[in-house]
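No lab work stands behind these numbers, since they all come straight from the coordinates. Quick caveat: nothing in here was measured; it's all calculated off a predicted structure. Note: ideal-geometry Cβ built from the backbone for every residue, glycine included; neighbour counts use all protein chains shown.
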Amino acid sequence: MEHPRILFSGSLISFAVITATFACSNGQCKLGDECSSDADCQTGLSCFSCSEAFDGLRCIRSTTTNQFEFMNSLPFNRYAYLTTHNSFANEVEPLHTGIRLTFLNQEDNVTQQLNNGVRALMLDTYDFKGDIWLCHSFGGRCHDFTAFWLAIDTLKEVEAFLSANPSEIVTLFLEDYVETPNGLSKVFKDAGLMKYWFPVSSMPQNGQDWPLVKDMVARNQRFVVFTSAKSKQESEGIAYQWNYVVENHYGDVGEHPGECSNRGESAPLDDKSKSLVLINHFHSIALKVMACEDNSASLISMLDTCYGRAGNRWANFVAVDYYKRSDGGGVFQAVDKLNGQLLCCCDDVHSCVPGSSTATCSATKDQ
Ligand SMILES: *[C@@H]1O[C@H](CO)[C@@H](O)[C@H](O)[C@H]1NC(C)=O
C-alpha cells in the first residue's frame with residue numbers, strides 16, 4: 001500500500017512527497033530488499049539504484065571482509081585487495097581551481113573508500129602550480145579544468161588511516177608525471193608517510209613471495225608504493241611498477257568477454273617473475289549505470305578469465321570505478337572470492353577456517 005502525503009509549504013508553492021511503504025526500514029533491510037536510503041539497510045549495505053538490473057533502489061553490499069582477520073600469516077601476494085581507479089576523482093571533494101570539466105570515477109572521498117575496505121589507490125600525480133597535484137591529463141599536462149587537489153591532502157588521509165588502523169596495509173599505484181626531482185619523496189615525507197614505507201629492497205625481484213603480512217605489520221612497513229616512472233626507483237627509491245606487477249588492459253580495450261591480455265607497459269600476464277597481478281575492470285568513461293553492470297557478474301567472469309591468462313594466478317588487485325555500485329554483492333563479493341581462492345582454494349573467504357595455519361575450507365564450502 002502506498003500512502004501519498006501532501007505537504008504544503010508556508011508559501012503559495014506546494015509540493016508533494018510520495019512516501020512508498022517498504023517491507024523494511026531503519027536498518028532492517030537485507031541484501032536485495034527495496035530501500036529509500038542507506039539508513040534503511042543493514043550494516044555493511046547501502047541503498048543504490050542499478051537500472052541495468054532492477055527498478056528503484058535496493059540494498060547492496062558496500063563493505064569488504066577483512067581478509068587479514070581470517071589469516072595474516074601469509075605473504076602479501078597471497079591476498080586480494082580492492083582497488084579504486086582514479087580514487088581522487090570523486091564527487092565529494094570541493095573545487096580548488098574554480099572550474100572542473102572532467103570525468104569522475106568514484107563517489108566518496110579517499111577516507112571513506114579506505115574505511116569501506118579499499119586497500120589500493122590509483123592516483124595520477126603531476127607538477128602543477130609549483131606543487132604536486134592529483135589531476136586528469138589533457139595533452140599530458142594538468143590544467144585548472146582537469147585538476148582535483150594537492151596530492152598532500154589525499155596522502156594525509158592515507159596517513160590518518162594507517163595511523164588509526166595499525167594492522168592494515170595500503171598500496172598506491174601512481175600514474176606519475178612528476179618531473180620535479182624528489183617532488184614525490186618530499187610530499188610523502190610531508191604527509192608523514194615515510195614511517196610506514198615499505199622499502200624497494202624488500203620487494204621480490206624474480207617471482208618469489210613477498211614478506212608475510214604479519215611481518216610487514218610488525219615492522220610497520222605498511223605503505224607500498226609503485227610508480228609508472230622507471231627512473232624513480234633508482235633516484236628516489238620508489239618501486240617501478242612493471243618490475244613487480246602484471247596488469248591487463250584497462251578501459252574499453254580490456255572489456256571483451258573471454259579476453260584478458262596485458263597492457264603495453266606490463267609483462268605478459270603469465271610472466272611469473274612478477275609476483276603481483278592487477279586486474280582492471282572498467283570502461284574508458286565511468287558512468288554509474290555501466291559501473292553497476294561492470295561490478296557484478298561480468299567482474300567475476302573477468303576474474304575467472306584472467307586467472308587462466310595469468311598462468312593460473314588469481315588477481316591480487318582488482319581495480320574498478322564507482323566501487324560501491326553493483327546489483328548485489330559487487331566488488332566485495334568478488335574480492336571475497338579472490339581471497340577465498342588465494343587463502344584456501346574456496347570460492348568465498350568466509351569458507352576458510354580462521355586462524356588455521358594450513359588453510360582449509362570449512363564445512364560451509366559447498367553451501
Ligand atoms: C570524507 O567524507 C566524510 C563524509 O562526508 C567526511 O566526514 C570527512 O570529513 C571527509 N574527509 C576528508 C578528509 O575530506
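What do you get when you divide the Cα radius of gyration of the stretch 64-360 by 2.2 N^0.38 Å, with N the number of residues?
On the way: Rg = 18.0 Å, N = 297, 2.2 N^0.38 = 19.1 Å.
Compactness ratio reported: 0.94.
Restricting to DSSP loop positions (anything but H, G, I, E, B) with no more than 16 other Cβ atoms inside 10 Å of their own Cβ, which GluC sites (Glu not before Pro) remain in the stretch 207-268?
On the way: sites: Glu234, Glu236, Glu247, Glu255, Glu259, Glu265; in loops: Glu255, Glu259, Glu265.
Answer by residue number: Glu259, Glu265.
In this simple spin-label model, placing a label point 7 Å from the Cα along the Cα-to-Cβ direction at both His350 and Glu179 gives a separation of 5.2 nm. I want the antiparallel fraction of DSSP beta bridges within the stretch 64-360, as a percent rounded to 5. Beta bridges within the stretch 64-360, antiparallel portion: roughly 25 percent.
Beyond 32 Å in Cα-Cα separation lie the following of the pairs Lys230/Lys272; Lys30/Lys337; Lys189/Lys337; Lys129/Lys195; Lys30/Lys189; Lys186/Lys337: Lys189/Lys337; Lys30/Lys189; Lys186/Lys337.
How many percent of the alpha carbon pairs in the stretch 176-309 exceed a separation of 23 Å? Cα-Cα pairs in the stretch 176-309 separated by more than 23 Å: 46 percent. Along the stretch 243-250 the Karplus relation, 6.51 cos²θ - 1.76 cosθ + 1.60 evaluated at θ = phi - 60°, assigns HN-Hα couplings of 7, 10, 10, 9, 8, 7, 4, 9 Hz to successive residues, with x for each Gly and Pro.
Do the sum for the chain: with -39,500 (n - 2.57) for every DSSP H run of n ≥ 4, divided by all residues, what is the mean residue ellipticity at 222 nm, to the nearest 500 deg cm²/dmol?
-6000 deg cm²/dmol
For the stretch 275-285, 3J(HN,Hα) computed residue by residue from phi via the Karplus equation (6.51, -1.76, 1.60; θ = phi - 60°) reads 7, 10, 10, 10, 10, 8, 8, 7, 7, 5, 10 Hz, glycine and proline entered as x. Each residue of the stretch 174-180 is assigned a 3J(HN,Hα), and the resulting list reads 9, 8, 10, 10, 6, 10, 4 Hz, derived from the Karplus form 6.51 cos²θ - 1.76 cosθ + 1.60 (θ = phi - 60°), x at Gly and Pro. For Thr227, the amide hydrogen comes within under 5 Å of the amide hydrogens of Leu174, Ala239, Tyr240, Gln241, counting only partners 5 or more places away or on other chains and with H modelled in the peptide plane.
Here's the list of lysines a cross-link from Lys288 could span, going by alpha-carbon distance under 19 Å and ignoring same-chain residues fewer than 8 apart: Lys324. Grouping the Cα pair distances of the stretch 121-185 into 5 Å bins from zero gives a pair-distance distribution of 4, 17, 27, 22, 15, 9, 5, 1, 0 percent in increasing distance order. Distances between every pair of Cα atoms in the stretch 31-148, grouped in 10 Å steps from 0 to the bin holding the largest one, split as 12, 30, 30, 22, 6, 0 percent.
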